[in-house]
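Student: Sharing a structure here in structure tokens format.
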Amino acid sequence: MHGVKCFSGTPDKTRTPQFLKFAVSGVTEFLRLFSSSVEDSFADQIGMRYEQREEISVSDIDDIVTILKADYENAYFVTGIFTSEIYVKDCIFEDPTISFRGTELYSRNLRLLVPFFEYPSIRLQKIEKGSNSKTNFVLATWKLRTYLKLPWRPLICIDGSTVYELNDEFKIIRHAENWNVSALEAIGQIFTPSN
């Protein structure tokens, strides 16, 4: 991407420092306070799309895979538009920097981020279903690339994976991301100017 080298480290298996989690939560709250007008405008834009949706019918894990593929095709992470009906309302969402419950909060957090993306893309590399002794799950691997609309125009490059854990009704109860870079490296990308 325009001669800028993306981070390509290995996953950091150590825990994310507590101060970093506090910093991410603080920045999220700051954005929430100062972006209510952007959020209202965004909600108006996507509201029509949600109203036009048909009833979602899920009977097995293959249906979830199909819906998740469609969400990735629609670049849900960089557009903020995802199929919330396949999640339980109190779903756990986590990545190396933050963890919280609720699809409404997840949707609101995506809406906060979307206005800051410039030339964003999220590409699904692979998606597969699986199960272990506790639960069925879907594993998606992806590549996220976006510039941020900040004066130094940083490039965010993260290769990652998301595990979608399912309950017995094939609803997502946990959405857990892992990245190829540590949380500190990911945050560091925000402060690195692009060429």
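Student: Among the residues of region 91-122, how many are aromatic (Phe, Trp, Tyr), closer than 16 Å to Ile158 by Cβ and open to solvent by 30 Å² or more (accessible area, probe 1.4 Å)?
Tutor: Of the residues in that region, 2 qualify.
Student: Tell me, which strands (runs of 3 or more DSSP E) lie completely within region 124-195 with 1 or more residues that are more than 24 Å from Asp90 (Cα to Cα)?
Tutor: Of the strands (runs of 3 or more DSSP E) lying wholly inside region 124-195, those with at least 1 residues that are more than 24 Å from Asp90 (Cα to Cα) span 136-148, 155-166.
Student: Are any residues in region 158-177 touching a Phe, Trp or Tyr at 6+ places or on another chain (Cβ under 9 Å) and open to solvent by 20 Å² or more (accessible area, probe 1.4 Å), and if so, which ones?
Tutor: Asp159, Ser161, Val163, Glu165, Lys171, Ile173, Arg174, Glu177, listed by residue number.
Student: Determine whether Phe77 is outside any loop (DSSP other than H, G, I, E, B), surrounded by 17 or more Cβ atoms within 10 Å (Cβ to Cβ) and at pLDDT below 95. Full working, then the answer.
Tutor: On the way: outside any loop (DSSP other than H, G, I, E, B): yes; surrounded by 17 or more Cβ atoms within 10 Å (Cβ to Cβ): yes; at pLDDT below 95: yes.
Yes; evaluated as a whole, the condition is true for this residue.
Student: Do the conditions hold for Phe82, that is, is it farther than 22 Å from Thr66 by Cβ, free of Cβ contacts under 8 Å to residues at least 40 places away in the same chain and within 13 Å of the chain's Cα centre (by Cα)?
Tutor: no
Student: In region 127-146, which residues are surrounded by fewer than 17 Cβ atoms within 10 Å (Cβ to Cβ) and over 24 Å from Val78 (Cβ atoms)?
Tutor: Matches in region 127-146: Lys129, Gly130, Ser131, Asn132, Ser133, Lys134, Thr135.
The values are calculated or read from the model by the stated rules, or taken from the named source; none is laboratory data. The structure displayed is predicted, hence computed values, not measured ones. No Cβ is skipped: glycine too gets one built from the backbone with ideal geometry, and neighbour counts run over all protein chains shown. To get the accessible areas, we keep the full protein, side chains included, count just its heavy atoms, and leave off ligands, DNA and RNA. Shrake-Rupley method; radii C 1.70, N 1.55, O 1.52, S 1.80 Å.
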